[in-house]
Amino acid sequence: MLCSVAVVAIETSILQGAHKRKVLQEHTGYAVPPPTSQPNYSSTYTIIQQPATTTSVVVVGGCPACRVGVLEDTFTCLGVLCAIVFFPIGILFCLALRQRRCPNCGAAFG
């Protein structure tokens, strides 16, 4: 029953469209082309693939030379000597003369 109602509605719509074209043709004197149907896209589809995001891990205190080791603070011989000889103020010199060294590659910084 529902199917026959839909068919009747479609046929009525087609007849009304044909009647409108006929009235326009008689009124203006120009032939009105029938409406073109839309192309059938039911079997085609589009896949949009997003580019993969890369995750970078930044290690704080990591070695800039080998990118594997973690830098460790070491005191220089001059810093330790200043700390002993110029005792209260020498500790500031010792802290200022620290050197950061990578245990993996042995590179020294600062």
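The values are calculated or read from the model by the stated rules, or taken from the named source; none is laboratory data. Bear in mind that the values here come from a model prediction, so they are computed numbers and not experimental data. Positions of Cβ are generated from backbone atoms using ideal geometry, with glycine treated the same way; all protein chains shown enter the neighbour counts. Just so you know, the surface numbers come from the protein's heavy atoms only, side chains and all, with ligands and any DNA or RNA stripped out. Shrake-Rupley method; radii C 1.70, N 1.55, O 1.52, S 1.80 Å.
What ranking, highest mean first, results for peptides 97-104, 46-53 when packing means the other Cβ atoms within 10 Å averaged over each residue? Intermediate values should be presented prior to the final figure.
Details: 97-104: 15.2, 46-53: 4.9.
Going from most to least packed, we get 97-104, 46-53.
Set the Förster radius R0 to 35 Å, insert the Cβ-Cβ distance between Val80 and Asn104 as r into 1/(1 + (r/R0)^6), and round the FRET efficiency to 0.05. Walk me through the intermediate numbers first.
Values: r = 24 Å, r/R0 = 0.70.
So, using R0 = 35 Å, E works out to roughly 0.90.
State, to one decimal in nm, how far the label point of Thr54 lies from the label point of Asp73, with both points 7 Å from Cα in the Cβ direction.
If labels sit at Thr54 and Asp73, their model points lie 3.4 nm apart.
Could you do me a favour and compute the accessible area per residue for segment 52-93, 1.4 Å probe, result in Å²?
Per-residue accessible area for segment 52-93 comes out at 83 Å².
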